[in-house]
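One structure is given below, encoded as structure tokens.
None of the figures in this text is laboratory data; all of them are computed from the coordinates on show. Here the structure is a predicted model, which is why all the values come from computation and not from measurement. Cβ sites come from the backbone with ideal geometry, for glycine too, and all protein chains shown count toward neighbours.
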Amino acid sequence: MFNVFARIAFQVGEVTPPEVPSGTDLVLPEINELIAGIIAFAIVFLVVWFKGRGWISRTLAARQDAIIGQVKAAETTKLEAESLLADYKQQIARARDDANRIVEDARRTAETHRSETTARADTEAAEIVRKAREEAAGEKQRAAGAIRDEVATLSLAVAAKAVAGAVDAKAHKKLVEQYIAELGALHP
Amino acid sequence: MPTDDRIDGYAAAILEVAKAEGQLERVGDELFRIARAFESSTPLREALTDPRIPAERKKGVIDDLLGAKTSPLTVNLVDFVVSAGRASDLPAIADRVTARAASARRKAIAEVRTAVELDAATIERLTAALGKATGKDVEVKTVVDPTVIGGVVARVGDVVIDGTVSHRLQQLRETLNKR
């Protein structure tokens, strides 16, 4: 404190100015200044220590609590995030399972449908072939029948003409006599 | 009037006239032959049934066809039916007259078709044979029909006894068709 006053007195010219410093003196403080600074610091420190310690402690405690709360909140958030992640992973896994199941179902359905369609097509094809064969056989039979009818008709037309030409009066009489004889064999 | 009643009416009228004239059998026989000719001849049928041909011309056709070989009474009766516009009913009327006349004599009509005309002796034996075969007292009406080729077909009511060559050929055809 004394040094401080001395210095102030020096500055106002009451004390003879010291020698002009040089070298390291330009950087290093004066001993007096150093001591005064230490004392001032100690005073400030003590004032702060006794007067501000409670406030600082409370502030630090509050700050610590806030940080702990934030850490806890962060941990909670992290846990929630992990839980959500697990849920998402579970959902994704479920979705993948569902997707696989759907794909498998679709594949199975498609396979069943394909089998049924193939079976139906085979059955229909077999039925068409069977009907075609039946129709062909029927047509063949009808054609054969028609040819047979035609041949029979032509043959009988020829025979009728031949018979008509061959039946003379004598043959007519013989046929009538034969008819009368056959009538005799009939009974009412 | 229903067709059947109309035919009955005409047949009854013709029967009464023929009976009154004492020509029932002849008229019945001639009408029967005319009806068969009407059935088998398309030009005759068309000439007598065509409404565009005048009645006088139809009468001329009848006189030309029947005048020489048929009794005047039968010709007049046919004229009567044709003039009344009932030519298409002529076969049915003739059949009804024949049937009624035969029925009056307690006989059944046997329509006999042959390819050639039969002599009286053959008709007599045929009548006896048909009577025995059908159990009825029959009166034979013969029709010459070249389509039978040979042999005889007789129809007594609903019974048909077919011994014609054409029938045998038809049976042969059916047999061939079955194979």
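The distance linking region A:133-157 with region B:158-179 is 20 Å (Cα centroid to Cα centroid, whole angstrom). Applying the criteria of a DSSP loop state and at most 14 other Cβ atoms within 10 Å to the trypsin sites (Lys or Arg not before Pro) of region B:27-130 yields B:Arg52, B:Lys69, B:Arg105, B:Arg106.
Taking other residues whose beta carbon is less than 13 angstrom from the beta carbon of A:Val129, and scoring Lys, Arg as +1 and Asp, Glu as -1, yields -2. Between helix A:53-166 and chain A there is an angle of about 10 degrees, using the helix long axis and the longest principal axis of the Cα atoms. Counting every C-alpha pair in region B:106-179, the share spaced more than 14 angstrom apart comes to 61%.
Based on Cα contacts under 8 Å between residues 6+ apart, region B:1-105 shows a relative contact order of 45 percent. Both the radius of gyration and Dmax for the protein assembly as shown are 69.7, 206 Å, in that order, over alpha-carbon atoms. Between the alpha-carbon centres of region B:89-111 and region B:1-24 there is a gap of 11 Å. Rounded to 0.05, the FRET efficiency of the A:Ala93 and A:Asp65 pair, given R0 = 45 Å and the Cβ-Cβ distance, is 0.65. Of the GluC sites (Glu not before Pro) found in region B:25-123, the ones in coil according to DSSP and having at most 15 other Cβ atoms within 10 Å of their Cβ are B:Glu117. Per residue, the convex hull around the alpha carbon atoms of region B:103-144 comes to 64 Å³.
With a 10 Å cut-off around each Cβ of A:164-177, the average count of Cβ atoms from other chains is 5.
Rounded to the nearest 5, the antiparallel percentage of DSSP beta bridges internal to the protein assembly as shown is 60%. Taking a Cβ cut-off of under 15 Å around B:Arg52, the surrounding Lys, Arg, Asp and Glu residues balance to a net charge of 0, with basic ones at +1 and acidic ones at -1. Region A:45-188 has equivalent-ellipsoid semi-axes of 125, 15, 8 Å, by the square roots of 5 times the alpha carbon gyration tensor eigenvalues, sorted largest first. Put simply, chain B fits an ellipsoid with semi-axes of 30, 21, 15 Å; these come from the alpha carbon gyration tensor as the roots of five times its eigenvalues, largest first. Taking the DSSP beta bridges with both ends in region B:106-179, the antiparallel portion is around 60 percent.
Normalising by residue count, region B:1-105 has a Cα convex hull of 93 Å³ per residue.
Around the amide H of B:Val143, modelled in the peptide plane, lie the amide H atoms of B:Val112, B:Arg113, B:Thr114, all under 5 Å away and 5 or more residues distant in sequence or on another chain.
Taking a sphere under 14 Å around the Cβ of A:Arg94 and counting the other residues whose Cβ falls inside, with K and R at +1 and D and E at -1, yields a net charge of 0. Here's how it looks for B:Val138: its modeled amide H is under 5 Å from those of B:Ala108, B:Gly131, which are all 5 or more places away or on a different chain. Placing dummy labels 7 Å off each Cα toward the beta-carbon, the span from A:Asp122 to A:Thr153 is 4.8 nm.
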